[in-house]
1. Counting other Cβ atoms within 10 Å, which GluC sites (Glu not before Pro) in segment 34-87 have at most 13 and lie in a DSSP loop?
2. Counting each DSSP H run of 4 or more residues in the chain as -39500 (n - 2.57), what helix-only mean residue ellipticity at 222 nm follows after dividing by all residues, to the nearest 500 deg cm²/dmol?
3. What would the Debye formula give as log10 I(q)/I(0) at q = 0.14, 0.17, 0.18 Å⁻¹ for the alpha-carbon point model of segment 132-229, no solvent?
4. Relative contact order for segment 95-229 using alpha-carbon pairs under 8 Å, separation at least 6, rounded to a whole percent?
5. Can you give the Rg to Rh ratio of segment 105-189, both from alpha-carbon atoms, with Rh computed by the Kirkwood formula?
6. Spin-label point model (7 Å from Cα, Cβ direction): what's the I207 to L155 distance in nm?
7. What are the GluC sites (Glu not before Pro) within segment 119-228 that DSSP puts in a loop, where the Cβ has at most 10 other Cβ atoms within 10 Å?
8. Please list T154, T165 from largest to smallest accessible area, probe radius 1.4 Å, with all protein chains kept in place.
Amino acid sequence: MSKNVAILMAAGHGSRMDSEVPKQFMPVQGRMLMEFSLQTFQNHPGIDEILIVLPEEYLGETELLEHFFSQYSKVNSVLAGGEERFQSSWSAIQWFADRRDDRLLLHDAARPGLSSQTIDAILERMEAAEAVVTAIPATDTVIRVDGQLCLQETLDRKTLYYAQTPQAFRAGLLYDCFEQLFADGTFVPTDESGVVAHYRPDVPIRIVQGAPGNFKVTYPEDVLRINFE
């Protein structure tokens, strides 16, 4: 039977946060930043397993690993990520070479505002889709500039969305696309949907409405926006 697996992407180093530790480990309201979304996945009845992808050097932190396994019963594995996001994704995706029907929800650990309603919408959409991206409509005017920072074009924001996470895929689709990515060696993606769109343009990538509160913590002042129970 296929499973719904949350993959918490926590292998980044967050250089723009000016923090002594990677931002996903920063203490916020009595817990690590990454635990907000980890708890949401843990509590959701539709999520069967959780994988956590950490910086390689943190796999030796025994106390940290014991915390994950003891406090979050759905955590199945803690894996080492890579230098780039797509390398960290591949570290997790390889676990599903023989579980092609599973649905994988990859989520940024630095997005603490993930809601159960968003997970509901993703799982419902995935019943008839192979690829789903969480996104919200663009609210600002978006412009295209040239190399000299001169305006070239004002884009129609009615057709523009801001991508969020989770991004969800059938495991087999994602595995095959990432195999092609590493065999190719010429394409450098920024997220999983970019890999699927590049190597399987025939597969529709459906959109699920996200929420403004599902923002990504990037700068120190973003922490002040976090106020979740």
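1. Answer by residue number: E83.
2. The helix-only estimate for the chain comes to -8000 deg cm²/dmol at 222 nm.
3. -0.76, -1.01, -1.07
4. 38
5. 1.06
6. 1.1
7. Here the GluC sites (Glu not before Pro) that fit, given the DSSP loop and packing criteria, are E127.
8. Result of the area sort, largest leading: T154, T165.
The values are calculated or read from the model by the stated rules, or taken from the named source; none is laboratory data. Fair warning: this is a prediction, and the values are worked out from it, not measured in the lab. Because the Cβ atoms are built from the backbone with ideal geometry, glycine has one as well, and the counts that use them run over all protein chains shown. With ligands, DNA and RNA removed, areas are computed over all heavy atoms of the protein, side chains included. Shrake-Rupley method; radii C 1.70, N 1.55, O 1.52, S 1.80 Å.
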